[in-house]
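Here the structure comes first, spelled out in structure tokens, and everything after it is commentary.
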Amino acid sequence: MLTQLLVTWVVNGLSLWLISKLPLGVTLDGFGTALWTALALGLLNALVRPILWLLSLPLTILTLGLFTFVINAIIFGLAASLVEGFKLKNWLSALIAPIVLGLINSVLFQVLQTPAAG
């Protein structure tokens, strides 16, 4: 289980580092910062996201689930404010980067043949 957690953490860090190389408005100081950001995103997704999801449930239902993208952007923005060396250019970066992160993670986990956590 610990190995799975470490693999997931490193894959998320690698995905974040790759995102910073794309023209999405995401800036990371280095791979170490990407690992810290992956840790921060994991903690925020575990602790803050359920609260945001519950509070925004009526709006999420009203928008047929599209408000979930806004919740993801909020979590990404919170991570950027917590981790030194992780910056987002604007709110559109916070909205698009989590989508690209999910796509890159899917590809990397498929290549590694490791089931994605979460």
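The values are calculated or read from the model by the stated rules, or taken from the named source; none is laboratory data. All figures in this text were calculated on a predicted structure; none of them were measured in a lab. These area figures cover heavy atoms from the full protein model, side chains too; ligands, DNA and RNA do not enter into them. Shrake-Rupley method; radii C 1.70, N 1.55, O 1.52, S 1.80 Å.
Considering only protein heavy atoms and a 1.4 Å probe, what is the carbon-and-sulfur percentage of the accessible area of the chain? Here it works out to 75 percent. Against the main long axis of the alpha-carbon atoms of the chain, helix 67-82 sits at an angle near 50°. For segment 25-118, just say rounded, prolate or oblate: build the C-alpha gyration tensor, square-root its eigenvalues into a ≥ b ≥ c, call rounded for a/c under 1.5, and beyond that prolate if a/b exceeds b/c, oblate if not. The shape class here is oblate.
Converting phi to 3J(HN,Hα) with the Karplus coefficients 6.51, -1.76 and 1.60 and the offset θ = phi - 60°, segment 100-105 yields 5, 4, x, 5, 5, 4 Hz in sequence order, with x at every glycine or proline. Against the chain, whose longest principal axis comes from its Cα atoms, helix 2-21 is set at around 80 degrees. Sort out for me the Cα centre separation of segment 1-29 from segment 50-118, rounded to whole Å. Centre-to-centre distance over Cα atoms comes out at 13 Å. Using a probe of 1.4 angstrom and keeping all protein chains present, the accessible surface of the chain works out to 62 square angstrom per residue.
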